[in-house]
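Quick note: the coordinates plus some simple rules give every number you see, no bench work behind them. Predicted, not measured: the structure shown is a model, and the values here were computed from it. Neighbour counts are summed over all protein chains in view; Cβ atoms, including those assigned to glycine, are modelled from backbone coordinates with ideal geometry.
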2 protein chains.
Amino acid sequence: MPQEHGSNQCHAREMLDRVGDKWSVYVIHVLVNAGTVRFNELRSRVDGISQRMLTVTLRGLERDGLVVRTVFPEVPPRVEYALTPLGSTLDQLVCGLVTWSGAHLPEVDAARAAYDVRYGRPT
Amino acid sequence: MPQEHGSNQCHAREMLDRVGDKWSVYVIHVLVNAGTVRFNELRSRVDGISQRMLTVTLRGLERDGLVVRTVFPEVPPRVEYALTPLGSTLDQLVCGLVTWSGAHLPEVDAARAAYDVRYGRPT
């Protein structure tokens, strides 16, 4: 049987860690919709994300070449974030994930409730 | 500014934890391609996943109503896994994620190398 997720795909898996990370998905989703955004704007648009987690998420996305960070030499310095052309190729997938999650939530909630009645709530 | 990822979407975010999890993506991807699969088949097709992690992943997917587990009363018992109709609605998104990750890996690797030269490899 073929190992379609064998060792030659372990890099793709590493990539999935980023693309699949929920905070990355939300940050990319905001950038898809808003274009260029400053750090504090981004933070206010992704409710619940800590300053530290947003910093870590943005650094990872920048390292992956998905987000570009531009520093304007003003006082105080202005720092803006936007998707790179590579990051923009994720727009449909990311919007699809967010839309799917919102649209199918009632079904998932119902399935979870039924499962928990049958097997007990997982710890 | 609207909080498009505000508190009314925190359940969607919980959903993204599952859909975005790399092991869940790979398990769903195998089930999309293979249809009905037994535990050990699944394990051999997702190289690198531990028995424990596969068990936890399948339980989460079953609880979310994305995967159905069928036990056949044989000796030894046969247990098969397949996508539910709800799980099947993820097929394009999941295949899209896997395809994207494979296709854009060289660009991501190049971006990471350039970032690490500039800023040092993140710890």
(message) How far, in nm to one decimal, is B:Ala113 from itself in the other copies if the label point is set 7 angstrom along Cα toward Cβ? Shortest first, please.
(response) 5.3
(request) Treating the Cα atoms of region B:29-123 as identical point scatterers in vacuum, please give the log10 of the normalised Debye intensity I(q)/I(0) at q = 0.14, 0.20 Å⁻¹, two decimals. (result) -0.66, -1.01
(request) Starting from the amide H of A:Val67, placed 1.01 Å from N in the peptide plane, find each other amide H under 5 Å away whose residue is 5 or more places distant or on another chain. (result) A:Glu62, A:Thr84
(request) Over every pair of different alpha-carbon atoms in region A:48-87, take the mean of 1/r and invert it; report that Kirkwood radius in Å. (result) 10.9 Å
